[in-house]
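What follows is calculated from the coordinates using simple rules that are stated; it is not laboratory data. Every value quoted in this text rests on a predicted model; they were computed, and no experiment measured them. Neighbour counts run over all protein chains shown; Cβ positions are idealised from the backbone, glycine included.
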Amino acid sequence: MNIYVVMKRTFDTEEKVEINDGVIDEEGAEFVINPYDEYAIEEAIVLKETHGGEVTVVTVGDEEAEKELRTALAMGADKAVLLDTEDLDGEMDHYTISEMLGAYFQDKAYDIILGGNVAVDDGAGQTAPRLAEKLGINQLTTITKLDIEGTTATIERDIEGDQEIVEAELPLLVTCQQGLNEPRYPSLPGIMKAKKKPLDTLDLDDLDLDEDDLEAKTKTVDRFLPPEKEAGKKLEGEPAEQVEELVNLLRNEAKVI
Amino acid sequence: MTETMKTSIKGGGFLLEDVEKNDVFTPEEFTEEHKMIAKTTEEFVHGEVAPLIDRLENHEFDLSRDLLTKAGELGLLGADVPEKYEGLSLDKISSTLITEKFSDAGGFSLSHGAHVGIGSQPIVFFGNEEQKNRYLPDLASGRKIAAYALTEPSSGSDALSAKTTAVLNDEGTHYVLNGEKQWITNSAFADVFIVYAQIDGDKFTAFIVEREYEGVSTGPEEKKMGIKGSSTRTLILQDVHVPKENVLGEIGRGHIIAFNILNMGRYKLGVGCLGGSKRAIELAASYATERKQFNTPIARFTTIQEKLASMAVKTYALESSIYRTGGLFEKQLGDLTEEEQEDGSRIAKGIAEYAIECSLNKVYGSETLDYTTDEAVQIYGGYGFMAEYEVERAYRDSRINRIFEGTNEINRLLVPGTLIRKTMKGELPFLEHANGLQDELMSFMPEEPGDEPLEKEKYLLSNAKKIFLMGTGTAMQKYGEKIENEQELLLNTADIVSEIYNMEAAIARTEKAIEENGVDNETMKLLLTQVICEEGLQNIEAYAKESLIHMEEGDTLRTMLSMIRKLTRRTPVNVIGVKRDIAERVIEKKKYEV
């Protein structure tokens, strides 16, 4: 089985985000594999262990992302591919990234592509669905269980607190939700083996892409942190007075009603 | 191997010559693999072990056994075992990182440490091919668990006086062991014990004893002050028939094994204390920023800041010197061929070269951990005295480190003892340097070093080495071999050596970091190093004076004290001010991060 994972490198979820002039300060920050993509990697490895085949992890980014690719290899993936954005000067968005992935997958034979449900940094959940559209294959998002028999996948997915069971034909793209599995730690032998596994870097030329084709469709105008939480206000007096005061504050101070 | 090495990187050689910074390994040089190994260990400890610590503290040792099996599946038991025997043959920096990260596992870190260290290493180092094939694959994978049985009720520091006996049976096939070993870590569930016994009353010998053998039993769990999450029992041997193939190493040469194993054990103990100290800072800094008194987070009071800063200063000194030692091992062992790597005695010899450094790390590590956990409790105030808080356990767990793997007193005595032995064997040109120094000191004039970062610290370091040579040279001349009766002087010498080792490690580390990233990005390291060197020199001055006053009198003493004054003359660092700057950074990060 040809198994692919599309992966994103994100801020460590324990990092404190700092913004200077609308740009996130990455200086000294720790990065990790997007936690939802870890579910995808784990599931890919489980599929390989069950059905045989090969797991390739693909990411779009700069050479810094090699570290997360190595981690994926250490978990048990067989190959890693970095689609290098070094040649891109302009802003990137989900369109840019899915176009690059699309170009990469164009000549690949894949049975299944797995991704995270969303990335924990921007929370958009766009890249994988866009990729499926671009490739013209089936897609199912937020999956919590996956079984493959022959060319048919039986999938459970989260729908607003309920479960839905769906069957779909391969080739297929799925995005993974918490609950699908418990990602493994990279074992020490895995870490040592990862050094010797192939990690290829492809630039725009290799992908036969031009910078102009990749121009972002959106523009980020500003970024800011949520306002600091202030000390609460205690309303006093009779219940009726308190309600009146509350309505007054909601109307005039918070301006939500 | 010693013969071809330059003096400065021989064990103890740093005292005689300047050490090049490139000969000092620093944590900033970890590879990606090192970091990944550290992360896997950390995730395992925080994800799998930490949730069970309360139950482990209640002696649910079935859990320990399961956790060791899981650790084995991840490769966390095989770092120091050759690949040929299902281990991973990892470098010593990797195995150091595993030990450091395991320290957050509380008492379970002892279960892990005793198994991979003193339990398994005797076979790695001194087992014959058959013994290695028979035991190491099971130990490296966690299918079997090992323990180490040296101490007896009447033999602690004087380990060679053990009373356990081994007598060859009439058929000449088995040794019959009788005796009692005390305080054996992992004894509740270990499958394999390394046991020391006397053959014919005086041939101290090591044996591999399996739990399955008839006559092997353990006593009840000991009631301990701390490390309750690890199993400690008596090992009772009653007419245990041990096949003679299970003699480990040579008959009558058990002490070689015991001493070699202790070197690495001491180093790893220091490593564990490093991890514990970092945890204590993290807990204390987080608590201090949250806890308010007088309407102010207590971290805003400079009293608390002084504590956090001092904890960080000691931890930086410890971390720098630990990885310095780790780097020395690597330099010794990393270049060995695969074949040599498999020859355990070769590895043991490489490690024994740094016996002094191992003792220094053990002593300074355990005292740093005692300091940091004690201050963490103090910062927590009354809450720190309550068992619900982690610092309470950390404080109790810390205390044993100054006692086992050789008490800190024994380890201190070993530092000058080993130096003298190496000098006598011609391995270290100590006397040449001490003699050369006399002329130099006659004409010595204090200098005012420049303002470049670390210039002053390097000057202080070089003077500290002169003080060491002067004091030790005087003592050797005066007492000769009788110096061993002057234990206070030997202890003072060890403390001076320790300060020098730490100062030098911190300077080299900070210098390398500044070279790499510029001084503006390495302010924290620079501040820490300034305090380490200032306080280090203050301590050295006090130790040296105390020793000289005991050794000399009259004009000779006055001349020597004036020499000390010259060697310690400096514009002192504003320690209070610098520590406030350090504290700001610790509080901002809420942890030890340099």
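What the table shows:
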read-out: Cut-off 9 Å between beta-carbons: net charge of the residues surrounding A:Leu101, Lys and Arg +1, Asp and Glu -1; value: +1
read-out: Shape call, segment B:418-551: gyration tensor on alpha carbons, a/c limit 1.5; value: prolate
read-out: Cα point-scatterer Debye curve for chain B, base-10 log of I(q)/I(0) at q = 0.06, 0.09, 0.10, 0.11 Å⁻¹; value: -0.31, -0.72, -0.88, -1.06
read-out: Choice from A:Met192, A:Met75, A:Met100 showing the highest fluctuation, given a GNM over chain A with Cα pairs closer than 10 Å; value: A:Met192
read-out: Prolate/oblate/rounded call for segment A:2-214, Cα gyration tensor, a/c under 1.5 rounded; value: rounded
read-out: Simple label model, 7 Å out from Cα along Cβ direction - A:Glu160 to B:Glu553, nm; value: 9.7 nm
read-out: Kyte-Doolittle mean at least 0.0 and Cα axial length at least 18 Å: DSSP H helices in chain A; value: none
read-out: Percent RCO, i.e. relative contact order, over chain B, from Cα pairs under 8 Å lying at least 6 residues apart; value: 15 percent
read-out: For segment B:148-251, with +1 on Lys and Arg beta carbons and -1 on Asp and Glu, the positive-most of B:Ser231, B:Phe204, B:Gly179 along the dipole; value: B:Ser231
read-out: Dipole magnitude of chain A, debye to nearest 20 (Cβ charges: Lys/Arg +1, Asp/Glu -1, about Cα centre); value: 1000 debye
read-out: ³J(HN,Hα), Karplus 6.51/-1.76/1.60, whole Hz, each residue of segment B:116-125, x for Gly, Pro; value: 6, x, 4, x, 8, 4, x, 6, 4, 7
read-out: Tail beyond 47 Å, pair distance distribution of the protein assembly as shown (Cα, percent); value: 34 percent
read-out: Gap separating the Cα centres of segment B:317-349 and segment B:164-182, nearest whole Å; value: 35 Å
read-out: Relative pair counts by distance (%), Cα atoms of segment B:16-55, 5 Å bins; value: 6, 18, 15, 13, 12, 11, 10, 6, 6, 3, 0
read-out: Simple spin-label estimate for A:Thr151 and A:Glu18 in nanometres, 7 Å along Cα-Cβ; value: 5.5 nm
read-out: Unit charges at the beta carbon, dipole of chain B: most positive-side option, B:Ile356, B:Ser443, B:Ala280; value: B:Ala280
read-out: Rounded to the nearest 20 debye, dipole of the protein assembly as shown from Cβ charges on Lys, Arg, Asp, Glu; value: 4220 debye
read-out: Segment A:32-72 and segment A:109-168: distance between their alpha carbon centers, rounded to Å; value: 15 Å
read-out: At R0 = 60 Å, FRET efficiency that the Cβ-Cβ distance of B:Ser462 and A:Asp213 yields, to 0.05; value: 0.45
read-out: Per residue, the convex hull volume that the Cα atoms of segment A:83-130 enclose (Å³); value: 90 Å³
read-out: Crossing angle, helix B:254-290 versus chain B [Cα axis fit, 0-90 degrees, rounded to tens]; value: 60 degrees
read-out: Within chain B, helix-based [θ] at 222 nm, where runs of 4 or more DSSP H residues each add -39,500 (n - 2.57), nearest 500; value: -18500 deg cm²/dmol
read-out: Within segment B:254-409: Cβ-based charge dipole about Cα centre, in debye rounded to nearest 20 (Lys, Arg +1; Asp, Glu -1); value: 680 debye
read-out: Alpha carbon centroid spacing (whole Å) that separates segment B:87-110 from segment B:446-499; value: 33 Å
read-out: Segment B:48-127, relative contact order [Cα under 8 Å, separation at least 6], %; value: 29 percent
read-out: Environment charge at B:Leu74 (Cβ cut-off 11 Å; Lys +1, Arg +1, Asp -1, Glu -1); value: -1
read-out: Projected area averaged over orientations for segment B:22-145, convex hull of C-alpha atoms, nm²; value: 8.1 nm²
read-out: Farthest positive-ward along chain A dipole, Cα basis, beta-carbon charges - from A:Ile97, A:Leu249, A:Ala109; value: A:Ala109
read-out: Relative contact order of segment B:208-280, pairs being alpha-carbon contacts under 8 Å that are 6 or more residues apart, as %; value: 29 percent
read-out: Approximate spin-label separation B:Phe444-B:Glu340, in nm, with each point projected 7 Å along Cα-to-Cβ; value: 3.8 nm
read-out: Two-decimal ratio, segment B:254-409, of alpha-carbon radius of gyration to 2.2 N^0.38 Å; value: 1.26
read-out: Net charge of Cβ neighbours under 11 Å - reference B:Glu340; Lys, Arg +1; Asp, Glu -1; value: -3
